[in-house]
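Participant: Questions regarding the structure given below will be posed in turn.
The values are calculated or read from the model by the stated rules, or taken from the named source; none is laboratory data. Keep in mind that what you see is a predicted model, and the values were worked out from it rather than measured. Ideal geometry is used to build each Cβ from the backbone, glycine not excepted, and the neighbour counts take in all protein chains shown.
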Amino acid sequence: PWYSETWTWFDGGWHQGNPPLMGPRTHAAWQGTSVFDGARVFEGVMPDIENHAARVNRSARTLGLKPTMEPEAIVELTREGARKFGPGAELYVKPMYWAEADGPAVIAPDPESTRFCLCLFVAPVPKPGGLTLTKSSFRRPTVETMPTDAKAGCLYPNNARALLEARRKGFDNCLVLDMLGNVAETATTNVFMARDGEVLTPAPNGTFLNGITRQRVIRLLREAGVTVHETTLRYEDFLNADEVFLTGNYSKVMPVLRIDERELQPGPFYRQARELYWAFAHSGERVGG
Ligand code: PMP
């Protein structure tokens with residue numbers, strides 16, 4: 001697998017490997033009541049960890065779950081877990097809340113049955129070689145049809161289907177449109193393009209995750225004097241872009257090298273965004289304190 005060595009905190013202690021966690025009446029497994037987040041520890045820092053901890057609690061509330069950990073406590077546990085791997089470890093940090101009781105009934109579970117775990121895996125940050133994208137035949141649901149304002153596990157089978165379709169066609173990832181036919185995001189990241197000296201990215205409209213890395217990159221670029229438009233963008237806009245890049249907590253900022261028949265190069269806005277993000281990440285507190 002792409003990850004190795006796992007430590008998970010649940011029920012008051014740290015557990016190594018992959019111990020059993022759920023019972024046969026877990027509502028999350030039957031009915032999809034789980035939420036999660038993802039963050040990174042790399043090069044001795046944990047950029048935006050407070051925002052990821054806050055978001056997993058917001059996602060929990062959206063699904064009627066009761067957050068059982070304060071965001072500050074999640075950050076502290078992340079620190080504690082990271083120390084188990086030793087200095088310099090590159091980690092993927094995944095907190096999850098789920099409904100343990102009341103499955104397999106459909107109705108909302110008792111919020112008191114909410115459980116929490118924090119899973120840390122070793123996983124190197126990908127080197128920015130660049131990715132290829134195709135147009136997906138899958139669409140993002142609206143907030144009326146799915147809890148798109150939460151990072152909910154039940155949204156992801158569709159992302160997996162989009163990703164598998166792209167892989168079968170020989171691409172790394174895909175542009176996923178919303179129900180109106182505008183570009184929303186890729187199956188796993190947010191998406192940016194540059195045209196005529198300005199940066200453009202889809203405006204949040206309730207169909208895609210307004211990523212923490214996305215918001216950070218927009219802010220850093222604007223502070224550096226770059227014009228960033230959050231607007232409606234079609235697939236054709238991306239085909240005609242000067243450059244395209246992606247943001248997400250896992251790979252941070254990555255260039256796009258191809259969209260279907262259109263070849264692209266990593267450009268100056270991608271480089272600036274990546275450099276600004278790295279400088280921001282290293283201005284944060286060190287994992288060891
Ligand atoms: N969109 C989707 C569907 C994602 O899974 C992710 C990764 N969490 C993102 C966008 C990027 O969000 P973030 O920068 O908060 O990781």
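Participant: Considering every residue within the range 37-58, establish whether at least one is in contact with a Leu (Cβ under 8 Å, 6 or more places away or on another chain), on the phi < 0 side of the Ramachandran plot and modelled with pLDDT of 95 or more. Break it down into steps so the answer makes sense when it comes.
Facilitator: Our first condition is that a residue be in contact with a Leu (Cβ under 8 Å, 6 or more places away or on another chain); within the range 37-58, this holds for 40-42.
Subsequent filtering for residues that are on the phi < 0 side of the Ramachandran plot retains 40-42.
Those still in the list that are modelled with pLDDT of 95 or more too: 40-41.
The answer is yes, given that some residue of the range 37-58 is in contact with a Leu (Cβ under 8 Å, 6 or more places away or on another chain), on the phi < 0 side of the Ramachandran plot and modelled with pLDDT of 95 or more.
Participant: Quick check, is residue 254 within 16 Å of the ligand (Cβ to nearest atom), in contact (Cβ under 8 Å) with a residue 24 or more places away in the chain and either within 24 Å of residue 46 (Cβ to Cβ) or surrounded by fewer than 22 Cβ atoms within 10 Å (Cβ to Cβ) (or both)? Working first, answer last.
Facilitator: Details: within 16 Å of the ligand (Cβ to nearest atom): yes; in contact (Cβ under 8 Å) with a residue 24 or more places away in the chain: yes; either within 24 Å of residue 46 (Cβ to Cβ) or surrounded by fewer than 22 Cβ atoms within 10 Å (Cβ to Cβ) (or both): yes.
Yes, satisfied.
Participant: Then there is this: Name the residue that is farthest from the ligand (Cβ to nearest atom), counting only residues in the range 182-237 that are of a type in the set (A, V, I, L, M, F, W, C) and assigned to a helix (DSSP H, G or I). Don't jump to the end; show me each part of the working.
Facilitator: So the first thing to find is which residues in the range 182-237 are of a type in the set (A, V, I, L, M, F, W, C), and the list is 183-184, 187, 191-194, 199-200, 203, 208-209, 212, 217-218, 220-221, 224, 226, 228, 233.
Adding the requirement that they be assigned to a helix (DSSP H, G or I) leaves 212, 217-218, 220-221.
Working: 212: 4, 217: 9, 218: 11, 220: 13, 221: 15 Å.
Selected residue: 221.
Participant: Continuing with this model, one more query. In the range 157-171, what residues are within 15 Å of the ligand (Cβ to nearest atom) and crowded, with 17+ Cβ neighbours inside 10 Å?
Facilitator: 158, 159, 162, 163, 166
Participant: Can you confirm whether residue 79 is touching a Lys or Arg at 6+ places or on another chain (Cβ under 8 Å), of a type in the set (D, E, K, R) and modelled with pLDDT of 95 or more? First the steps, then the outcome.
Facilitator: Working: touching a Lys or Arg at 6+ places or on another chain (Cβ under 8 Å): no; of a type in the set (D, E, K, R): yes; modelled with pLDDT of 95 or more: yes.
The answer is no for residue 79.
Participant: Go through the range 85-125 residue by residue and tally those that are assigned to a loop (DSSP other than H, G, I, E, B) and among the aliphatic types (A, V, I, L, M). First the steps, then the outcome.
Facilitator: Taking the range 85-125 first, the residues assigned to a loop (DSSP other than H, G, I, E, B) are 85-90, 100-110, 123-125.
Subset that is among the aliphatic types (A, V, I, L, M): 89, 101, 105-108, 123, 125.
Counting residues in the range 85-125 that are assigned to a loop (DSSP other than H, G, I, E, B) and among the aliphatic types (A, V, I, L, M) gives 8.
Participant: I would also like to ask the following. Let me spell it out: the conditions are (1) in contact (Cβ under 8 Å) with a residue 12 or more places away in the chain; (2) away from the ligand (no atom under 13 Å from the Cβ); (3) not charged (D, E, K, R), and residue 73 meets all of them except one. Which number is the exception?
Facilitator: Against the list (1) in contact (Cβ under 8 Å) with a residue 12 or more places away in the chain; (2) away from the ligand (no atom under 13 Å from the Cβ); (3) not charged (D, E, K, R), residue 73 comes up short only on (1).
Participant: Moving on. Which strands (runs of 3 or more DSSP E) sit wholly inside the range 1-75 and have at least 2 residues that are under 18 Å from the mean Cα position of the chain (by Cα)? Walk me through it before giving the result.
Facilitator: On the way: elements: 4-10, 13-16, 34-36, 39-41.
Once the strands (runs of 3 or more DSSP E) in the range 1-75 are filtered for at least 2 residues that are under 18 Å from the mean Cα position of the chain (by Cα), what remains is 34-36, 39-41.
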